[in-house]
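The values are calculated or read from the model by the stated rules, or taken from the named source; none is laboratory data. Not measured: the values here are computed from a predicted model. Positions of Cβ are generated from backbone atoms using ideal geometry, with glycine treated the same way; all protein chains shown enter the neighbour counts.
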Amino acid sequence: MTLDPTQIDKVASELRSFFRAEFRSKKIKKLDPSFYKNVTSALESLNEEAEKSLKAQDITSYMDLKKKVSDLEKDFKALFQRRFEKIATFSIYPLDSELMNTLTPEEKEFIVRLHNMMQDEQNLLINKISLPLEKKDETSMQPENEKTAAVEASIPEEPPETEEESEPPLVKHESEYVLVRIMADQPPIAQPDRDYYLHENDLVYLPEDFADILLKRKAAQKVVLP
């Protein structure tokens, strides 16, 4: 979409205004869904006009237009660095609706992709810590008789037969958890199941005992679903 000079000036002004607001805020500011498309259109329009000026040998106009392109790109880079630094940080935590409503379609797609990558990396690191070596690696350097002894020792005498033992160990019953809204950023909190990193306005299910502690401290607010 080609923009006229007035529209281009409006895009450039909004870009500087958004950057100032983003720079001052710890939270991610709400951005118009068409923001990135407008910046792209403004740059394309400026470059097209610059090419026309160059063909017409109007060097003064060409230099002015190229300066506007450079200024717009610098302002965009400053906004991008500040905004996506925060997006990257928030991608580590649960993605709530309030956060997602502040993002453009392009940013939503990016933060979901990054959030999933973070979760995959976390799981990968946990697996590496829990299982640093495969069993065959542990026995590969042992003599044959020691390998045999190690394998025999690893075989359980009796397989588990009870229903209780056959259930997945990480099954969590919904009745034991409470949905709460976090009222303010919290320091990392260690709990028996895992460490919690809670931030203002997060909506999370927490174990009842842990949730009760936060509710009593007024660090959280219980959410009752309709």
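Checking each residue of segment 19-41 against the condition of being surrounded by 15 or more Cβ atoms within 10 Å (Cβ to Cβ), assigned to a helix (DSSP H, G or I), outside the structural domain of ASP195 (by TED's automatic domain parsing) and of a type in the set (Gly, Ala, Ser) gives at least one match. Considered as a group, the residues in segment 68-95 that are in a helix (DSSP H, G or I) and of a type in the set (Phe, Trp, Tyr) include one that is farthest from ILE28 (Cα to Cα), and that residue is PHE76.
Out of everything in segment 155-196 that is assigned to a loop (DSSP other than H, G, I, E, B), surrounded by 10 or more Cβ atoms within 10 Å (Cβ to Cβ) and at pLDDT below 80, what residue ends up being farthest from the chain's Cα centre (by Cα)? Checked segment 155-196; the qualifying residue farthest from the chain's Cα centre (by Cα) is LYS172.
When segment 87-107 is filtered for residues that are without any contact (Cβ under 8 Å) to a residue 60 or more places away in the chain and touching a helix residue (DSSP H, G or I) at 6+ places or on another chain (Cβ under 9 Å), the ones remaining, listed by number, are ILE87, ALA88, SER91, LEU95, MET100.
Filter segment 42-69 for residues that are in contact with a Phe, Trp or Tyr (Cβ under 6 Å, 6 or more places away or on another chain) and either touching a residue at least 12 places away in the same chain (Cβ under 8 Å) or within 24 Å of LEU99 (Cβ to Cβ) (or both); which is surrounded by the most Cβ atoms within 10 Å (Cβ to Cβ)?
Per the criteria, the residue is ALA50.
Among the residues of segment 125-148, is there at least one that is under 30 Å from PHE23 (Cα atoms) and either modelled with pLDDT of 95 or more or part of a helix (DSSP H, G or I) (or both)? No, segment 125-148 has no match at all. Of the set (1) surrounded by 15 or more Cβ atoms within 10 Å (Cβ to Cβ); (2) out of contact with any His (no Cβ under 7 Å at 6 or more places or on another chain), all apply to LEU95 but (2).
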